[in-house]
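Student: Pasting a structure here, questions to come.
Here, each number is a calculation from the coordinates, and none is a lab measurement. Everything numeric in this text was worked out from a predicted model, so none of it was measured. Glycine also receives a Cβ, built like all others from the backbone with ideal geometry; neighbour counts cover every protein chain displayed.
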Amino acid sequence: MRFFWQLCMPYQEVSLEELRLNVGRQKLDAVMALISAIQSSHDEIDAWLATAEETFPVIEDRGFHLHSNG
């Protein structure tokens with residue numbers, strides 16, 4: 001949801017050119033697909049998420065889990 005909020009803001013924190021310079025092609029394509037999905041529908045967002053989870057596995061922060069569980 002925070003990413004959606006940032007898309008709605010009238011300013012840009014990161015330009016497309018900055019993304020092109022600093023993000024690999026595969027991740028840039030994923031970001032652009034996410035923006036397109038957000039502009040389309042909830043179903044498109046769900047489909048993007050399923051693809052992204054396969055392509056970019058979630059990194060588990062064991063230190064965070066250890067700290068948050070006491």
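Student: Sorted by packing (mean other beta-carbon atoms within 10 Å per residue), highest first, where do 47-55, 16-24 land?
Tutor: Top to bottom by mean Cβ count within 10 Å: 47-55, 16-24.
Student: Per residue, how big is the convex hull of segment 5-55 when only Cα atoms are used? Give it in Å³.
Tutor: 80 Å³
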